[in-house]
Each structure stands twice: as C-alpha cells, then as structure tokens.
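This report refers to the structure that appears directly beneath it.
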Amino acid sequence: MKNDCYLSPAPKTGTLPLISLILICYTVSPSAAETTLHFTEQTQQAGIHFKHTNGVSKEKYLPETMGSGGLFFDYNNDGHLDIYLVNSGALSGASQLYRDPNHMNVLYRNEGDGTFVDTTAAAGLQQNYGYGMGCLAADYDNDGDADLYLTNFGRNQLYRNDGDGTFTDVTSHAGVGDGNWSVSASFGDFNLDGHLDLYVTNYLDYQLETAHACFLGGVHIYCGPHEYPGARDTLYRNNGDGTFTDVTTRAGVRNTGKGLGVLFTDYNNDGYPDIFVANDAVPDFLYQNNKDGTFTDVAITAGVAYNSEGRATASMGIASGDYDNDGVQDLFVTNFSLEINSLFRNNNDGFYTMTTFEAGLADPGFSKLGFGTEFIDADNNGSLELFVANGHVWDNVSEITPSLSYRQHCQIFGNTGTGEFKDLSETAGQFFKRPIVGRGVAVGDYNNDGAMDILITCCNESPVLLRNDSQVHNSVKIRLVGTGSNRDGIGAKVWVHTDEMTLFRELTCGGSYASGSERTLLFGIGAQKTIQSIEVRWQSGHTQKLDFSDAESPVNQIIHVVEDPLN
C-alpha cells in the first residue's frame, strides 16, 4: 500500500473568493488494470447489535413485511458517519402515540475506530411514533447539523438536531406528522428559496380494522397492493421559519399512487428539481417542475411510467447516478420477482430509454424481488457499480412458486464502462452467499478509508454492515456547504475534470428504499494522480470553479467547498 496523503492550501481561483478546506487524507492501493471487488461483513465486530422486529401475526398485516430502513449520517459533525436503524414493533400498538420502548429505533455513534456505540437515549431519541418504516437526514433549518425525519405506519416524526449531540421532537410545531402509511421521503428545494422542502410517499389507504386475508393457490399470503386503494403522497414546502406547509394540491402532485420510493432530481437539467416516485403496481410518476411552484406528471411521455412492454411494475426502490458517464443522471428502479428491474438511461433531451436488457441486468434480477438500491463506485475507477438488496414479501413464497425464496441474495454489478454490467456477487465476499430478507440500502465511507461501504437493513432480521475491502484506486471527496443555496448543497451539480475523464454527480437526498446515504460526494479517478478542476453549479444559479492546474491536486483527500455569497 502507498499513502498519497498531504495537506495543500486552498487553490487560487482568479476572482472567485471561494473557500475550500482540505480536511482528511486516506490510503489507497497501487493502480491495477482491473480491481476485484471484495466486501467483509462487520456488523457484530462493529458493535451493531440490533434486530428489526416486525411483530409478525397470524393475520399477516401487510405493513409487517414492508419494513424497514436505515441511514448513514454524521449527526455530531465529528467527521465520522453514524448509523440510524428503524424498528417497527407490533402493529397492535400502531394507534398509540408512542411505540413500545422495547422496539425503539437505534442511533449508533461512530467511535472512529471501526466500532459504534448506542447513543439513542443520550441523544434524546428514545421515543418513536407509530410502526416504523423509514428514515432520512438533512439540515432542514440551515443551522449546520443533520436533522432526522422518520416515516411510519401512523404519525411521522421530525427530530431537530440541537447541535450538542441531542435532538428535539418538533413534529407538531413543524407540521409534518402526515399520519398516513408513509414509507420513503426525499428532501429537495423545489422553489429554489434556499430551504429544503420535503416529499413523503404514502403507500396505501390501509386500516387494521378493515384488513382482510388473502390467499393464492390456497396459501395464506400477505395481500398485494391491488387489494387496497392507493394513497396520495404529501409535498411540504419549507417556510424557512422551522415550519412547513402542505402544498400537495396547490403544487399539482395530487395523483393517487402507491408510492414506495421517491427522489428529488433534476432530470431535464433546467436547474429546478423534479420528483420521481416509484409506485407499486401502478404507473410511476415523474413530476416535472414548472418553475412556478407547480408540477406536471410527464412520466408517460418521458418513458418512465411503464416498463419496455408498456406495463406498470411493482416498483420499490430507486438508484440515481450517471452510470454511462455522459453527464446526466440515469435511474434504476427495483421491481417484483418475475419482473425485470428497470434501468432508464437519460437521453438528455427530456426522455429516457429503458436499457435493462442491453445493460445485462434483465436475467440476474428476474427471480429476485428488489428493494433498496444504490449506484456506488466501489473500486474508484470512475464508473458506477450497482448494488441491489433483495428479499421477498411473502414468507411462504416457496409454497406457491418453488423456484422462488423468501430470503434472497444481494447483488453487486460491476460496470464494464461500455454501458453494460456484470454480476460480481459470486466473488465479492462471503456475505453474498448468505440470503437475507433485504429492504433498505445506504452507502457511505464509515471508516474514512476512501472506499464506499454498504449498510443493508432487513425485515425481522439484523442489519448488515459491509466494509469495502476492495483494492480501490485514487479518488477525491467533495463536501458542499451552501450559503445562498440550502446549507447541505442538495440539488447542486458537481463535475471533476482530469486529463482523461470528466465525472459528474448530482447531490440528492433520498432514493433507495426508506433509507439515506452519505452526502459527501466521492469521485473515483482510477490510476490518475492529479485533477485539473472541480466545478460546482449551485441551486442558487451560481457556478463555482476550483482550478488545480497550477496547484497540488487534492487526490485522496476531502474538500469542503463553501458556496460564494451572492453580491
């Protein structure tokens, strides 16, 4: 191993008074023609002693099989990613304000040595509403620390980060309790006012009192979404004073769907974030931002409402990333077993093309039921790999279809760099040989070694923490701090230019399934040892450039880029 660690002053950038701090260096492997991916399970060794409880019952209430999510975020701003895990408990208590204390969500503080400590009570997070589903973190009040939003079957919950290692429940004051069966959420500034707005997916109009039994081939199963009416999602506009306003109807995002995944992303590159919603067994939504506070669903014309056969799929999770390195964000959507997952290539003209077959992703996912998913440059070669967590929703599915299983193997697909993927799961580590009931996925570099790690949550099982032990190449990490834009820099677009490549990322908050990933952007640059420049296009409309042509390149380091104040 070699260490390319060094400290460099902020580069000169002409007339732009930008602020950049190079904070952390990390060790990388020597360059190689081809990198072998390898992940090592570290859950128990890291001190993650958590088991999700779904309160399984003979009635087979549908929420029992849909949870839950997890999160990588740095809640105490110490430079180390912490972990938050959502529990569910028993549905019999879902109507109560607070959940049974034996089934609380858990916050694990990163000790900086590869281990975590349960700090739930010390952080003031020991009371949870409803039946837990998902979680997401973002700095909604622009005070410099990550706040926490929780989705539930029942009332949702917003915890404000107090900046001293503790949180305060501000749900009622903020007005974001919702009260439906919420699953996933996404933060994004849809009206470009510098404050993060919130979109929440609501799955079904489902009540325990009216739930009924479902059978297939004489086998009692969890009911499918077609058995219940869909629900309307909720869009909350951030008022900038710690409160939100429900603008769902006013904004035109009032379609009744069966939403499970959601992401704010600027699909048409007009500077305004749009909204993609993954719906279960009904057409997906793509709400195009009209730039006046309203949206129009263009999913059908854009080519993402249905699969290539013109059918609505049982969409679960969302991954967003530029897998073909053409400078625009593409979409990957996980679907039900015996459906193929959907890879939508962004044509950069307002339309998408489904390329699942061409990319080699059809057959490997056909027998799987995918949930959480993320694009990840696992070897830092500049091309995004794809990770998918799988697990069926019927615990007795093999009685109906012997070729299918409840517990399923997760998958990681290597990017060939030619628009195709190759299933590398067989050789990526022992974990990939063990089936689980996979649900949420979050990615982040929890041990700060320059390689992206993976957190997988499971239904009624323990989560999985995978340390990335691949022989990774060189990289640059970028952490954004907005001033005219929202503090997290969510919605910003970033380009890294080298002698041989230009890499693009959009900073988003949400996606996957009921989970959230690290928001420090990692750009793998392969064997290259220098970069020429970094370009940031903020949501405020300001473009900022860091020129390294006459300065030492910040390779294998983290840069904090602070947005230039607007004059």
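The values are calculated or read from the model by the stated rules, or taken from the named source; none is laboratory data. A quick note: this is a predicted structure, and the numbers were derived from the prediction, not measured. Cβ coordinates were reconstructed from backbone atoms using ideal geometry, including for glycine residues, and neighbour counts include every protein chain displayed.
Against the definition (surrounded by fewer than 19 Cβ atoms within 10 Å (Cβ to Cβ), assigned by TED's automatic domain parsing to the domain that holds Asp280 and at pLDDT 95 or above), how does Thr234 come out, yes or no?
No; evaluated as a whole, the condition is false for this residue.
Give the residues of region 393-426 that are under 24 Å from Leu260 (Cβ atoms), in a loop (DSSP other than H, G, I, E, B) and touching an Asp or Glu at 6+ places or on another chain (Cβ under 7 Å), sorted by residue number.
Scanning region 393-426 gives a single hit, Tyr406.
For region 340-347, state whether one or more residues are outside any strand (DSSP E or B), crowded, with 16+ Cβ neighbours inside 10 Å and within 22 Å of the chain's Cα centre (by Cα).
Yes, region 340-347 contains a residue that is outside any strand (DSSP E or B), crowded, with 16+ Cβ neighbours inside 10 Å and within 22 Å of the chain's Cα centre (by Cα).
In region 542-564, which residues are in a loop (DSSP other than H, G, I, E, B) and more than 25 Å from the chain's Cα centre (by Cα)?
Within region 542-564, His542, Phe548, Ser549, Asp550, Ala551, Glu552, Ser553, Pro554, Val555, Asp564 qualify.
Quick grid of which residues meet (1) buried (at least 23 other Cβ atoms within 10 Å of the Cβ); (2) of a type in the set (Val, Ile, Thr); (3) not in a strand (DSSP E or B):
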{"residue": "Thr168", "(1), (2), (3)": "no, yes, no"}
{"residue": "Val176", "(1), (2), (3)": "yes, yes, yes"}
{"residue": "Phe190", "(1), (2), (3)": "yes, no, yes"}
{"residue": "Val200", "(1), (2), (3)": "yes, yes, no"}
{"residue": "Glu209", "(1), (2), (3)": "no, no, yes"}
{"residue": "Phe215", "(1), (2), (3)": "no, no, no"}
{"residue": "His220", "(1), (2), (3)": "no, no, no"}
{"residue": "Val262", "(1), (2), (3)": "yes, yes, no"}
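Pick from Gly224, Gly242: which is surrounded by fewer than 24 Cβ atoms within 10 Å (Cβ to Cβ), small (Gly, Ala, Ser), closer than 26 Å to Asp141 by Cβ and assigned by TED's automatic domain parsing to the domain that holds Ser320? Don't jump to the end; show me each part of the working.
Details: Gly224 fails: closer than 26 Å to Asp141 by Cβ.
One residue alone meets the criteria, Gly242.
Which one of these is buried (at least 18 other Cβ atoms within 10 Å of the Cβ) and closer than 24 Å to Asn191 by Cα: Ser475, Ser553, Ser470, Ser540?
None of the others qualify; the one that does is Ser540.
Kindly indicate whether any position in region 290-303 is surrounded by fewer than 22 Cβ atoms within 10 Å (Cβ to Cβ), among the hydroxyl-bearing types (Ser, Thr, Tyr) and over 30 Å from Gly419 (Cα atoms).
Yes, there is a match, as at least one residue in region 290-303 is surrounded by fewer than 22 Cβ atoms within 10 Å (Cβ to Cβ), among the hydroxyl-bearing types (Ser, Thr, Tyr) and over 30 Å from Gly419 (Cα atoms).
Every residue in region 402-417 that is more than 25 Å from the chain's Cα centre (by Cα) and free of Cβ contacts under 8 Å to residues at least 40 places away in the same chain, please.
Hits for region 402-417 are Pro402, Ser403, Ser405.
In region 441-538, which strands (runs of 3 or more DSSP E) lie fully inside it and hold 2 or more residues that are at pLDDT 95 or above and among the small types (Gly, Ala, Ser)?
Numbers: elements: 453-458, 464-468, 474-481, 493-497, 502-506, 521-526, 533-537.
Here the list reads 521-526.
Taking the residues in region 316-335 that are farther than 17 Å from Gly372 by Cα and either free of Cβ contacts under 8 Å to residues at least 24 places away in the same chain or in contact with a Gly (Cβ under 6 Å, 6 or more places away or on another chain) (or both) as candidates, determine which candidate is surrounded by the fewest Cβ atoms within 10 Å (Cβ to Cβ).
Only one residue tops the list, namely Asp326.
crowded, with 24+ Cβ neighbours inside 10 Å and either acidic (Asp, Glu) or within 24 Å of Leu107 (Cβ to Cβ) (or both): does that describe Ser462?
Numbers: crowded, with 24+ Cβ neighbours inside 10 Å: no; either acidic (Asp, Glu) or within 24 Å of Leu107 (Cβ to Cβ) (or both): yes.
When the stated conditions are applied, Ser462 does not pass them.
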